[in-house]
1. Restricting the search to region 200-216, which residues are open to solvent by 10 Å² or more (accessible area, probe 1.4 Å) and in contact (Cβ under 8 Å) with a residue 40 or more places away in the chain?
2. In this structure, is Arg246 modelled with pLDDT of 90 or more, basic (Lys, Arg) and open to solvent by 80 Å² or more (accessible area, probe 1.4 Å)?
3. Note down all Cβ pairs under 9 Å where the first residue falls in region 130-148 and is farther than 16 Å from Gly103 by Cβ and polar (S, T, N, Q), the second is open to solvent by 10 Å² or more (accessible area, probe 1.4 Å) and not in a loop (DSSP other than H, G, I, E, B), and they're at least six residues apart or on different chains.
4. Take Leu111 and tell me if it is surrounded by 24 or more Cβ atoms within 10 Å (Cβ to Cβ) and either in contact with a strand residue (DSSP E or B) (Cβ under 9 Å, 6 or more places away or on another chain) or under 25 Å from Thr193 (Cβ atoms) (or both).
5. Give the number of residues within region 132-149 that are over 20 Å from Asn119 (Cα atoms) and open to solvent by less than 10 Å² (accessible area, probe 1.4 Å).
6. Against the definition (acidic (Asp, Glu), open to solvent by less than 40 Å² (accessible area, probe 1.4 Å) and modelled with pLDDT of 55 or more), how does Glu58 come out, yes or no?
7. With the condition being of a type in the set (Lys, Arg), I'd like the helices (runs of 4 or more DSSP H) fully within region 73-181 carrying at least 2 qualifying residues.
8. Which is open to solvent by less than 20 Å² (accessible area, probe 1.4 Å) and within 18 Å of the chain's Cα centre (by Cα), of Ala221, Ala255?
Amino acid sequence: MRHHGQMHARPGVGVCPVPMNSEPTDSEHSNREHSAWGYLPPTSFRARRSALSNAQRETWDRLWPRLGMQAPSHTQAAEPTPREPLDTKTWFGREAPLVLEIGCGSGTSTLAMAQDEPNIDVIAVEIYRRGLAQLLCAIDSAGVENIRLIRGNALDVLQHLIGPESLTGVRVFFPDPWPKARHHKRRLLQPATVALIADRLLPGGVLHAATDHPGYAEHIATVGDAEPRLVRVDPGSEALPISVVRPTTKYESKAHEAGSAVADYVWKKRGQVTQSGDQNAP
């Protein structure tokens, strides 16, 4: 998706749809500022209307009941209804390390990375139905069994479906940079969001973010480095529990051709789990 010369950012990644030109109400600001995580970014999106093809609709009807679910919409509620975290062991039919990908788009990276790591289970979150339908078709064609899909707001998923210290990794690839200064508050990776991600990561778990927007890259680096439970790591210098090697998509190739540099950041949650299950600080 093109924006100010950057090719790969996906508008609305990880956030639920409300009109793009709307501003958060006083009550919405208050609810977020008084959440357990502080201020979470107001949700917004860029309108995208596209119907499913017949083949996509058939695949959706056949596979979505088993592989997909709709996220609860509680982010803006003053008193959200409590619910139990996802039983991923039942959903996947096994117990395995769990990765959450926020804003999977059509799932090119999701599928390739899941195929490379069949021992890891992946939950891909996306707002737009067509992107999820494209990923469902690719899953069906490839016979991949370690991907599940959630349609909805990533903040709702993190707050209400994912328990503390349950994720081995979180991936946020090319979120919308919201380049205008007045829209920066809409960026997904704010301090409170990163704090929430850190809470959901297991000790030693990984946050991997990528962007092709220089302003957002600086913002992401600052916010990630400021989270006390995370430490930035060089993927080439130490072993990590998940791969941080992304496939290069056609959009990223166009970004490179246009001269846009892509920045990848990797953080690891402090602490390690011993064989007895005790957490130790590094």
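1. Answer for region 200-216, where residues must be open to solvent by 10 Å² or more (accessible area, probe 1.4 Å) and in contact (Cβ under 8 Å) with a residue 40 or more places away in the chain: Arg200, Leu202, Pro203, Gly204, His213, Pro214.
2. Taking the combined requirement at face value, the residue does not satisfy it.
3. Between residues of region 130-148 that are farther than 16 Å from Gly103 by Cβ and polar (S, T, N, Q) and residues that are open to solvent by 10 Å² or more (accessible area, probe 1.4 Å) and not in a loop (DSSP other than H, G, I, E, B), the close pairs are Asn146/Phe92; Asn146/Gln115.
4. No: the conditions fail for Leu111.
5. Keep residues of region 132-149 that are over 20 Å from Asn119 (Cα atoms), which gives 132-134, 137.
Within this subset, residues satisfying the condition of being open to solvent by less than 10 Å² (accessible area, probe 1.4 Å) are 132-133.
Number of matching residues: 2.
6. Spelling it out, it is not the case that Glu58 is acidic (Asp, Glu), open to solvent by less than 40 Å² (accessible area, probe 1.4 Å) and modelled with pLDDT of 55 or more.
7. 129-142
8. Details: Ala255 fails: within 18 Å of the chain's Cα centre (by Cα).
Answer to the check: Ala221.
The values are calculated or read from the model by the stated rules, or taken from the named source; none is laboratory data. Computed from a predicted model, the values in this text were never measured in an experiment. So basically every Cβ, Gly included, is an ideal-geometry build from the backbone, and we count neighbours across all protein chains shown. With ligands, DNA and RNA removed, areas are computed over all heavy atoms of the protein, side chains included. Shrake-Rupley method; radii C 1.70, N 1.55, O 1.52, S 1.80 Å.
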